[in-house]
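*Asks:* Structure below; questions to follow.
The values are calculated or read from the model by the stated rules, or taken from the named source; none is laboratory data. All of these numbers come straight from a predicted model, not from anything done at the bench. Please note that ligands, DNA and RNA were not included when accessible areas were found on the heavy atoms of the full protein model with its side chains. Shrake-Rupley method; radii C 1.70, N 1.55, O 1.52, S 1.80 Å.
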Amino acid sequence: MKGLNLIAAFLGGALVGAACGVLLAPEKGADTRQKIVDALRKKGIRLSRKEMDDLVDELADQVDPA
């Protein structure tokens, strides 16, 4: 079980790290959000505009908890 927790923590960290990299890229927010939507759609995940905004807010809170 300990190994499974380690793998889950590693994958979670990689996901948050990748999301932070995309969110902090020096591009306009609309372009960045569109890239995220396109990447999720390639994986078969479809989000409404509200769900996407909630996801961006949640990731932003994790990056900058101020």
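*Asks:* Could you count how many residues in the range 8-39 are open to solvent by less than 100 Å² (accessible area, probe 1.4 Å) and either more than 15 Å from Leu59 (Cα to Cα) or not in a helix (DSSP H, G or I) (or both)?
*Replies:* Start the filter on the range 8-39 by keeping residues that are open to solvent by less than 100 Å² (accessible area, probe 1.4 Å), which leaves 8-9, 12-14, 16-23, 25, 27, 29-34, 36-39.
Checking which are either more than 15 Å from Leu59 (Cα to Cα) or not in a helix (DSSP H, G or I) (or both) leaves us with 8-9, 25, 27, 30-31, 34, 38-39.
Total meeting the criteria: 9.
*Asks:* Just the residues that are open to solvent by 80 Å² or more (accessible area, probe 1.4 Å) and in a helix (DSSP H, G or I), please, taken from the range 40-63.
*Replies:* Passing the criteria: Arg41, Lys42, Arg49, Lys50, Glu51, Asp57, Glu58, Asp61, Gln62.
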